[in-house]
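Taken together, the values in this text are just the output of simple stated rules run on the coordinates, not laboratory data. These figures come from a predicted structure and were not determined experimentally. A quick note on method: Cβ atoms are made from the backbone with ideal geometry, for glycine too, and the neighbour counts reach across all protein chains shown.
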């Protein structure tokens, strides 16, 4: 027999194109999910680094002599960081391409106590400010 069989199996070109389209849509979904996961991981890393730097400020303040603990020279206005002042200052930490600013405020409610509030601020990849704040107290005793 040299003719074509009627029940010959196989895929038509249309079936192959539909299968490839479904596969492509699925792969694009996986790629979008992977991109989102990478960005979330980067954001999490930035917050972890900010937390570490904030803890570092407080530990350094605790290690200083009581009388030597002073408010940082830039960026504090009524206890809240003034992000506008940061654009004209030298960054205090550069980690993985992210610039972190470290500032702190010292409040002394009485002669034997100082309350230290540390702030670490940074901008994310789209320019939005993020902040970590931590507070501790230090006694002169």
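A few notes on this one:
- In summary, residue 21 fulfils each of the numbered conditions (1) under 30 Å from residue 126 (Cβ atoms); (2) exposed (fewer than 12 other Cβ atoms within 10 Å of the Cβ) with the single exception of condition (1).
- Restricting the range 100-116 to residues that are in contact (Cβ under 8 Å) with a residue 24 or more places away in the chain and out of contact with any helix residue (DSSP H, G or I) (no Cβ under 9 Å at 6 or more places or on another chain), the residue that is farthest from residue 45 (Cα to Cα) is 111.
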